[in-house]
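Let me begin by presenting the structure, written as structure tokens, before commenting on it.
The values are calculated or read from the model by the stated rules, or taken from the named source; none is laboratory data. Just so it is clear, the model here is predicted, and its values are computed rather than measured. Neighbour counts are summed over all protein chains in view; Cβ atoms, including those assigned to glycine, are modelled from backbone coordinates with ideal geometry.
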Amino acid sequence: MKRTWKRKQRAEDIQEGKEVSMRPDAEATQEERRGERRPPLLVVSFVRKAANSDSLIGIEELCNRIYGGVFMNPNKLKFWVDQDLEKHCFLLLAQELSITWIDNEQYWGWIDQKEKCRHTRGRAVGGVCWLSIWGKFKTIMLSPKTTYEVAFVVKMNKNSRGWHAPVNLNLTLPDGTTQGRIENLDKKQKDGWIDILAGTFMTNAKNIGEISFSFSETGGHWKSGLLIKGVVLRPKD
């Protein structure tokens, strides 16, 4: 409807002798195209129901929230749509992950933080010698025929120590395929959120099911100063 109005307005301006841009709609700027996009109605309906959104919220406002990020499960799962790729994205927050010794305040503590559209809580390492974090996710919730990356979102504070040994990262797919890699956190930037990649995969017929991912360092030496926000699943294309 918006593009039709623009074409009609351009034609009227030409008839009146006004100076107008002859750029066709197909060559509209990326920002204009992004502004005209809307999430699929199925996504809008799903989010309204899953996030218990007020039925009085208009479609425009709900679409803006979907692009900005909606919490599907309080303090556990955040969902949004990439406005350029039109693909689903998810962030599993720290409360949704399994962490060894998580209930022992001697080793772990809660840190309040501001996540877009709401305050959330991250987990901070007070000091552990055995670090093991893992989680799982159903791929049916992701966009089909899309390459996704799975990454742990962490922050190293300026006083972090004990990270000279690399951490182990693993991603296991529904078909049993496992990806593994190591990452040296000691060389990463301090006091800023960083993504630590666990692996990538394509959402296709053989990968329908549940994926699992882990982040660990079990060498036995003490380490501290790591803040865990969660695990992000985002499309690469």
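Values as computed for the structure displayed
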{"item": "Residues of segment 155-168 satisfying the condition of being closer than 14 Å to Phe215 by Cβ and in a strand (DSSP E or B)", "result": "Lys155, Met156, Val167, Asn168"}
{"item": "Matching residues, segment 82-116, being modelled with pLDDT under 90, of a type in the set (Asp, Glu) and part of a strand (DSSP E or B)", "result": "Asp112, Glu115"}
{"item": "Single residue of Gln189, Gln179 found to be in the same structural domain as Asp84 (by TED's automatic domain parsing), crowded, with 16+ Cβ neighbours inside 10 Å and either over 28 Å from Trp80 (Cβ atoms) or not aromatic (Phe, Trp, Tyr) (or both)", "result": "Gln179"}
{"item": "Selection status of Ala165, farther than 21 Å from Leu93 by Cβ, exposed (fewer than 13 other Cβ atoms within 10 Å of the Cβ) and among the hydrophobic types (A, V, I, L, M, F, W, C)", "result": "no"}
{"item": "Cβ pairs under 8 Å, 6+ apart, first in segment 91-112 and farther than 24 Å from Gly69 by Cβ and in contact (Cβ under 8 Å) with a residue 24 or more places away in the chain, second part of a strand (DSSP E or B) and among the aliphatic types (A, V, I, L, M)", "result": "Thr100/Val128; Thr100/Leu131; Thr100/Ile133; Trp101/Val128"}
{"item": "Count - residues of segment 169-205 that are closer than 28 Å to His88 by Cβ and in a strand (DSSP E or B)", "result": "18"}
{"item": "Residue in segment 211-228 that is part of a loop (DSSP other than H, G, I, E, B) and in contact with a strand residue (DSSP E or B) (Cβ under 6 Å, 6 or more places away or on another chain) present", "result": "no"}
